[in-house]
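Taking it in order: structure first as C-alpha cells, then the write-up.
The values are calculated or read from the model by the stated rules, or taken from the named source; none is laboratory data. None of the values given here were measured: they were computed from a predicted structure. Ideal geometry is used to build each Cβ from the backbone, glycine not excepted, and the neighbour counts take in all protein chains shown.
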Amino acid sequence: MSQGAADERLRLFFALLPPPPLAAALAGRAAELAGEYGGRALPAANLHMTLLFLGDVGAARLPVLNLAASSAAAAWRPFTLQLDRLGYWPRQQLLWAGLQQAAPELSDFSAYLRSTVEKAGFSIGDAGRAFFPHLTLLRKPGRTPPDGLSLTLPAWPVSGFALLASTRTAAGASYRPLAVWPVP
Ligand code: ATP
Ligand code: MG
C-alpha cells in the first residue's frame, strides 16, 4: 500500500496553547495533584485547550483547512481567560482546569471556527456535543479527587490559536503544532 505524504491521514484539532509561564504553573499544579491522587500528570508541552476537534483528515486537505482558519482568525475578538476552577470527569477519569465564569468570546470563536471549517467542506463529528472549555491536567488518578480543589493562576491573555496533529502512542498522546495564528 502506498504511504506517500499526500494520502497521509492526520488526527487534527484546533486549540489554545498556554504561554510558557502559565503552562509551567499548570504543569506544576498537575504534578502536585498527581502526587496527592495518583495518575498521570500532563507535561507542560502537552497542555492545551481544545477549540474544535476535527479527527482524521487527509494531509492533502491541509491547505484548504489553513485558509479557512485564517479567514476565521480575522473575526477574532481579544479576550483574557482566568483558569480558576478544577473539575473531574469520572467517566473519562480526567481532572481538568476550567473557568468559573463563561467566556463568550471564546465560545463564540469556537462556534465561528466550526462553521467556517464546515463551510470549507470539513465535517465535524459530535454535532450535539456542546463546547466545554477545559484543559486536561491529570489522567486516571488512583483515587477520585474531591470537589472544590483550588487553582490559583495568573490571567491568560489569549494571543493565538493553533492547529495540532495528535499522535497516540502507548505512552499517551502527543501533539504537534502544524500552524499557529497569532491574534491581536
Ligand atoms: P487519548 O485519546 O490518547 O487519551 P487525547 O484525548 O488527549 O488522548 P486525542 O483523542 O487525539 O488525544 O484528542 C486531542 C484533543 O481533542 C483532546 O483535547 C481531546 O479532548 C479532544 N477531543 C478528542 N476527541 C474529541 C471529540 N470527539 N470531541 C471534542 N473534542 C475531542
Ligand atoms: Mg482522546
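Odds and ends about this structure:
- Residue check for GLN100: within 16 Å of ligand 2 (Cβ to nearest atom), among the polar types (S, T, N, Q), modelled with pLDDT of 95 or more and loosely packed, with under 13 Cβ neighbours inside 10 Å: no
- Selection within the range 49-85 - out of contact with any helix residue (DSSP H, G or I) (no Cβ under 8 Å at 6 or more places or on another chain) and either among the small types (Gly, Ala, Ser) or closer than 19 Å to PHE131 by Cβ (or both): MET49, THR50, PHE53, GLY55, SER70, ALA73, ALA74, THR80, GLN82, ASP84, ARG85
- Condition broken by TYR88, with the remaining ones in (1) under 17 Å from LEU164 (Cα atoms); (2) under 20 Å from the mean Cα position of the chain (by Cα) satisfied: (1)
- Boolean, ARG143 is in contact with a Gly (Cβ under 8 Å, 6 or more places away or on another chain), closer than 24 Å to ALA171 by Cβ and exposed (fewer than 14 other Cβ atoms within 10 Å of the Cβ): yes
- Of the residues making up the range 150-171, those that are within 15 Å of ligand 2 (Cβ to nearest atom) and assigned to a strand (DSSP E or B) are LEU164, ALA165, SER166, THR167, ARG168, THR169.
- Selection count, the range 164-184, where residues are more than 16 Å from ligand 1 (Cβ to nearest atom) and among the polar types (S, T, N, Q): 0
- Residues of the range 131-163 satisfying the condition of being over 23 Å from SER110 (Cα atoms) and within 16 Å of ligand 1 (Cβ to nearest atom): LEU138, ARG139, LYS140, PRO141
- Listed conditions (1) under 25 Å from ARG11 (Cα atoms); (2) in contact with a strand residue (DSSP E or B) (Cβ under 9 Å, 6 or more places away or on another chain) are all met by LEU83, apart from (1).
- Filtered residue count, the range 89-118, keeping only those that are touching a helix residue (DSSP H, G or I) at 6+ places or on another chain (Cβ under 9 Å) and within 24 Å of PRO43 (Cβ to Cβ): 3
- Scanning the range 97-134 for residues that are outside any loop (DSSP other than H, G, I, E, B) and of a type in the set (Lys, Arg) yields a count of 2.
- Residues being part of a helix (DSSP H, G or I) and of a type outside the set (Lys, Arg) - total across the range 34-75: 21
- Near pairs, Cβ below 7 angstrom, 6+ apart or cross-chain, from the range 143-161 (at positive phi) to any residue that is surrounded by 11 or more Cβ atoms within 10 Å (Cβ to Cβ) and not in a strand (DSSP E or B): GLY160/VAL183
- LEU137 meets each of the listed conditions (1) within 22 Å of ARG176 (Cβ to Cβ); (2) of a type outside the set (Lys, Arg); (3) touching a helix residue (DSSP H, G or I) at 6+ places or on another chain (Cβ under 6 Å); (4) assigned to a loop (DSSP other than H, G, I, E, B) apart from (4).
- Looking across the range 73-95, the residues that are modelled with pLDDT of 95 or more, under 19 Å from PRO157 (Cα atoms) and surrounded by 14 or more Cβ atoms within 10 Å (Cβ to Cβ) come down to ALA73, PHE79, LEU81, GLN82, LEU83, ASP84, ARG85.
- Scoring TRP96 on the criteria (1) among the aromatic types (Phe, Trp, Tyr); (2) within 16 Å of ligand 1 (Cβ to nearest atom); (3) over 17 Å from GLU32 (Cβ atoms) leaves a single failure, condition (3).
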